[in-house]
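Just dropping this structure here.
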Amino acid sequence: MIPYGRFAEAAADVQHWKKQAQEATARIAEISPQLQELDTLKRERTAWQEEKVFITTFGSADPEAMDVARTLFQRLPAEGRPDSLGTWLGEIKADPTKAPRALGPYLPSASPAPAPAPGAAPAPAPAPNPTGRAPGTQATVVTAEQLRAARDQAMKTNDWKAFHELSARVDAEKTRR
């Protein structure tokens, strides 16, 4: 036989823990959308970083080339695979002989410039443009809103041309500073 005082105490404990569980469930339901949004942002950030690494490594914003690189990276054996796509691409840039054949068409060519004809005077070098812009063009600042809008549009239409142009302008502006 259980004394009534002990029974009442156990019943109160059960009620307390039920209430705690309900509060925890409600909190989980409350933050679940935020966690999903955070996960989405993390995937977008990773994709953005991979894209920037690819562009800086190969000088190309070709989405097909980026897909090929991602696929080849994911197919590498887990043991011995570099920590990130960027690390792997950096290794390929340092030693192009490590590049898989499928990436060959996307690698920057290492062919030297053609030699001038014998006896021909070398062409004068064009005067440097101190602004880095084409003559007659105005400098425009690319805003984060413009980048987001271009990214969202590109994700809907799978046409990344405008987004890559804006990204290139941002990167060019950074290098001028």
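Within the range 38-79, take every residue that is of a type in the set (Val, Ile, Thr) and modelled with pLDDT under 75 and give me the one that is farthest from ARG148 (Cα to Cα).
My answer is THR57.
For the range 131-143, check the following and say yes or no: at least one residue is surrounded by 10 or more Cβ atoms within 10 Å (Cβ to Cβ) and at pLDDT 75 or above.
Yes: the range 131-143 contains one or more residues that are surrounded by 10 or more Cβ atoms within 10 Å (Cβ to Cβ) and at pLDDT 75 or above.
Can you tell me which residues in the range 154-172 are among the hydrophobic types (A, V, I, L, M, F, W, C), within 16 Å of the chain's Cα centre (by Cα) and in a helix (DSSP H, G or I)?
Scanning the range 154-172 gives ALA154, MET155, PHE163, LEU166, ALA168, VAL170.
Taking the stated definitions as given, is PRO77 under 29 Å from the mean Cα position of the chain (by Cα), of a type outside the set (A, V, I, L, M), surrounded by 11 or more Cβ atoms within 10 Å (Cβ to Cβ) and assigned to a loop (DSSP other than H, G, I, E, B)?
Spelling it out, it is not the case that PRO77 is under 29 Å from the mean Cα position of the chain (by Cα), of a type outside the set (A, V, I, L, M), surrounded by 11 or more Cβ atoms within 10 Å (Cβ to Cβ) and assigned to a loop (DSSP other than H, G, I, E, B).
Just the residues that are under 12 Å from the mean Cα position of the chain (by Cα) and either of a type in the set (Phe, Trp, Tyr) or within 19 Å of LEU166 (Cα to Cα) (or both), please, taken from the range 64-74.
The answer is MET66, and nothing else.
Another question about this same structure. Please give the number of the condition PRO82 fails out of (1) closer than 18 Å to ALA172 by Cα; (2) touching a Gly at 6+ places or on another chain (Cβ under 9 Å); (3) modelled with pLDDT of 80 or more.
Status for PRO82: all satisfied but (1).
How about the range 34-74: which of its residues are outside any helix (DSSP H, G or I) and either farther than 22 Å from PRO108 by Cα or touching a helix residue (DSSP H, G or I) at 6+ places or on another chain (Cβ under 7 Å) (or both)?
Within the range 34-74, SER60, ALA61, ASP62 meet the criteria.
Quick one: which residue in GLU30, GLU91 is without any contact (Cβ under 8 Å) to a residue 40 or more places away in the chain and either closer than 30 Å to ASP159 by Cα or of a type in the set (Phe, Trp, Tyr) (or both)?
Result: GLU91 is the single residue among GLU30, GLU91 that is without any contact (Cβ under 8 Å) to a residue 40 or more places away in the chain and either closer than 30 Å to ASP159 by Cα or of a type in the set (Phe, Trp, Tyr) (or both).
The values are calculated or read from the model by the stated rules, or taken from the named source; none is laboratory data. Remember, it's a predicted structure, so these values are computed and weren't measured experimentally. Reconstructed Cβ throughout: ideal geometry from the backbone, glycine too, with neighbour counts over all protein chains shown.
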